[in-house]
1. Kirkwood Rh, Cα Rg: Rg to Rh for segment 1-89?
2. Counting other Cβ atoms within 10 Å of each Cβ, which GluC sites (Glu not before Pro) in segment 37-121 have at most 14 and sit in a DSSP loop?
Amino acid sequence: LIDAPADGLGLTDILPLAREYELIIMHTSSPSFPSDAKVAEALKAQNPDLLIGMVGAKVAVEPEQSLRTTGAIDFVAREEFDYTVKEISEGRPISAILGLSYRDESGKITHNAPRPMIEEMASMRGSNWVVSWALAAERRTASGIPFRSTTGRYLDPGLPRSTGFGPVCSPPFW
């Protein structure tokens, strides 16, 4: 996990790392997408064989537009991406992964069948649940202030939640 903004790392710090990896998943949002696309282009320039995917609300609702923005983005995950990313990292063929939009060998943008919604949240406990939080390039509090987490804590679906002002859950996160 490289959490560049939280670690105070810039593009020049992370570019050399592109040669050390085969797969990069970037968490993006509507406001950050233009700069995230430029980062993807810079990473791809360092390692043309790098497979770059994006996750997040922006690419989930605008998969085709997101892929057309730059050829550096090889795929985007739609719907819930936890299991989608897991399957990609396991080396499954992209054409067989539900909830994925991608550019095929000919350059044509293809949309695989949708991934069913995760109905049993308990199945997300452990490493699978952590995946979606660990992939976030930059995490922010509800007020938009960046925060840094190096502890690997995750949201436990079994914790009570607040519906009003006050704690979001009890016990509070550390």
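No lab work stands behind these numbers, since they all come straight from the coordinates. This is a predicted model, so every value here is computed, not measured. Note: ideal-geometry Cβ built from the backbone for every residue, glycine included; neighbour counts use all protein chains shown.
1. On the Cα set of segment 1-89, Rg over Rh gives 0.93.
2. GLU90, GLU105, GLU119, GLU120
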